1. Give just the number: which of (1) farther than 30 Å from TRP105 by Cβ; (2) surrounded by 15 or more Cβ atoms within 10 Å (Cβ to Cβ); (3) of a type in the set (Asp, Glu) does ASP355 not satisfy?
2. From the list THR331, THR358, pick out the single residue that is hydroxyl-bearing (Ser, Thr, Tyr) and either on the phi > 0 side of the Ramachandran plot or without any contact (Cβ under 8 Å) to a residue 12 or more places away in the chain (or both).
3. Residue check: is ASP153 on the phi < 0 side of the Ramachandran plot and out of contact with any Gly (no Cβ under 6 Å at 6 or more places or on another chain)?
4. Of all residues being within 18 Å of LEU443 (Cα to Cα) and among the polar types (S, T, N, Q) in region 265-299, which is surrounded by the fewest Cβ atoms within 10 Å (Cβ to Cβ)? Just the residue, please.
5. Please state which one of ALA409, ALA402, ALA438 is touching a Pro at 6+ places or on another chain (Cβ under 8 Å) and small (Gly, Ala, Ser).
6. Give me the pairs: first residue in region 432-447 and surrounded by 15 or more Cβ atoms within 10 Å (Cβ to Cβ), second residue among the small types (Gly, Ala, Ser), beta-carbon distance under 6 Å, and six or more apart or on different chains, which are they?
7. Tally up the residues in region 412-449 that are over 22 Å from the mean Cα position of the chain (by Cα), of a type in the set (Asp, Glu) and not in a loop (DSSP other than H, G, I, E, B), please.
8. Residue check, LEU366 against (1) touching a residue at least 60 places away in the same chain (Cβ under 8 Å); (2) surrounded by fewer than 18 Cβ atoms within 10 Å (Cβ to Cβ); (3) not assigned by TED's automatic domain parsing to the domain that holds ILE320, all met but one. Which one?
Amino acid sequence: MKTKWNKFLKLGLVMPISVIGVIASCGNGHSNDEGAKKTPETPTNPGSGQTQSITDVSKISELVSSRKAEINAAKADPSKHFAMNMAIVTADGTVTDKSFNQSSWEAIQQMAAITGGEITSIDSNTDTLSQKYNSLINTNKNIWVLSGFQHNDALKAWLALSENKESFISKKIIVIGIDLPGLDDVIPQGQYIRLNYKSEEAAYIAGYANAAFLAAKYPNDAARRSAITVGGGAFAAVTDFIAGYLAGIKAYNAANPTKKTKITADTIKLDTNFEVNSSSKSTLEGLAANGSPSTLLAVAGPLTGIFADIAAGDHDRFLIGVDTDQSLVYTRSTRRFFTSILKNLGYSLFSVLADLYTKKTNSKYLGGFVQSQKNAFVKLGYKDKFVDIANPTLPDSDKTLANKAIEDAKKHFDEKTANSTDVRKTLEIPEMDTDQQARINKLVSEINK
């Protein structure tokens with residue numbers, strides 16, 4: 001679908017009246033600091049294009065360089081760009097978390113370094129989010145980045161008040177929601193772009209590569225060719241990771257029947273929730289003890305830390321993270337990370353902001369969005385760089401084996417999906433719209449037979 005920028009112009013979007021909100025679904029920080037601040041990495045000379053001092057956890061420096069000339073050209077002509085002053089508000093997190101919040105903050109800083117827009121970061125408690133919305137709507141910050149799944153309920157509640165919704169509509173606020181389907185029926189048409197990530201594709205690559213790695217490292221030790229995974233809840237945002245990972249292992253096993261990787265449980269737990277406590281700790285420690293699986297994958301937010309503690313001093317344990325490169329977060333266990341299954345949040349956010357700023361037509365990142373008329377749903381995967389897997393941080397020969405396994409897995413993915421119009425179906429990854437537990441367990445049964 002084509003984005004009709006002439007309609008944007010008729011609606012006056014070139015004026016600094018629109019407020020664009022970006023909401024990220026996850027964040028793992030724990031700070032309750034509520035003050036507005038600039039981090040040490042914030043460019044001291046915004047608009048100069050000097051982006052080298054900005055951290056690059058999100059690995060978007062190459063993307064930024066490739067689009068800098070285009071953005072600068074638009075900046076030179078007021079009729080060809082939208083002026084943007086940006087704020088990020090976290091929910092029980094910080095912009096230095098080396099994860100979701102920092103990835104978003106890096107995208108914002110990179111845009112500001114080129115465009116000269118003002119930026120600020122605000123770390124907030126969940127229970128004060130509505131106050132942040134109230135404050136920000138009365139500032140010159142016309143781009144809001146709201147990072148953390150807690151914004152889902154908070155924004156719903158805030159918009160439920162008529163005076164807030166009236167202001168939301170009159171100021172032509174545009175929300176960019178990341179993995180937030182709950183807002184589809186809340187935000188008026190033409191004020192919402194929902195971004196989703198085909199995490200199952202990257203997870204498939206991780207699963208195939210992990211099985212290949214274990215086969216190379218333990219060619220004569222079937223017990224070591226083993227893995228376990230666990231989920232915080234039985235819904236697609238969690239189970240897509242798990243289904244893709246298991247489907248990747250299944251595919252490798254089918255091609256290499258004498259070097260199979262097995263799962264050390266007959267069923268996968270999908271109900272741990274997302275809080276580290278005595279119950280979740282006991283559950284994950286039990287899963288790691290049962291059959292002593294070599295690879296540990298938790299799709300449950302901070303529960304990865306429990307597996308990371310277990311693997312920290314064990315040279316026969318390997319970790320797979322999710323969402324961001326978690327080897328950067330769990331530094332005591334950095335050398336045990338085989339990979340992480342990535343949602344390229346910084347890449348996708350910068351791409352959306354750049355296309356909005358430059359009024360880019362036919363943008364796959366805007367998905368046919370028309371302000372005040374049509375919302376958009378954008379879901380992209382590995383081939384569009386929305387998802388990927390991280391480089392291994394294993395030591396010595398293990399890293400060599402892991403790099404080769406990942407290279408082979410990506411080659412397998414590319415060849416298998418080269419002419420596919422439905423990548424998920426081609427890879428035989430079951431849909432996770434219903435019966436998640438049964439479908440996940442069926443994959444385990446097929447792997448272990």
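The values are calculated or read from the model by the stated rules, or taken from the named source; none is laboratory data. Bear in mind that the values here come from a model prediction, so they are computed numbers and not experimental data. Every residue, glycine as well, gets a Cβ built from its backbone with ideal geometry; the counts of neighbours run over all protein chains shown.
1. (1)
2. Details: THR358 fails: either on the phi > 0 side of the Ramachandran plot or without any contact (Cβ under 8 Å) to a residue 12 or more places away in the chain (or both).
Going through THR331, THR358 in turn, just one is hydroxyl-bearing (Ser, Thr, Tyr) and either on the phi > 0 side of the Ramachandran plot or without any contact (Cβ under 8 Å) to a residue 12 or more places away in the chain (or both): THR331.
3. Numbers: on the phi < 0 side of the Ramachandran plot: yes; out of contact with any Gly (no Cβ under 6 Å at 6 or more places or on another chain): yes.
Spelling it out, ASP153 is indeed on the phi < 0 side of the Ramachandran plot and out of contact with any Gly (no Cβ under 6 Å at 6 or more places or on another chain).
4. If we take residues in region 265-299 being within 18 Å of LEU443 (Cα to Cα) and among the polar types (S, T, N, Q), then THR267 is surrounded by the fewest Cβ atoms within 10 Å (Cβ to Cβ).
5. Details: ALA409 fails: touching a Pro at 6+ places or on another chain (Cβ under 8 Å); ALA438 fails: touching a Pro at 6+ places or on another chain (Cβ under 8 Å).
Of ALA409, ALA402, ALA438, the one residue that is touching a Pro at 6+ places or on another chain (Cβ under 8 Å) and small (Gly, Ala, Ser) is ALA402.
6. Listed by first residue and then by second, the contacts come to MET432/ALA236; MET432/ALA243; GLN436/ALA234; GLN437/ALA234.
7. 2
8. (2)
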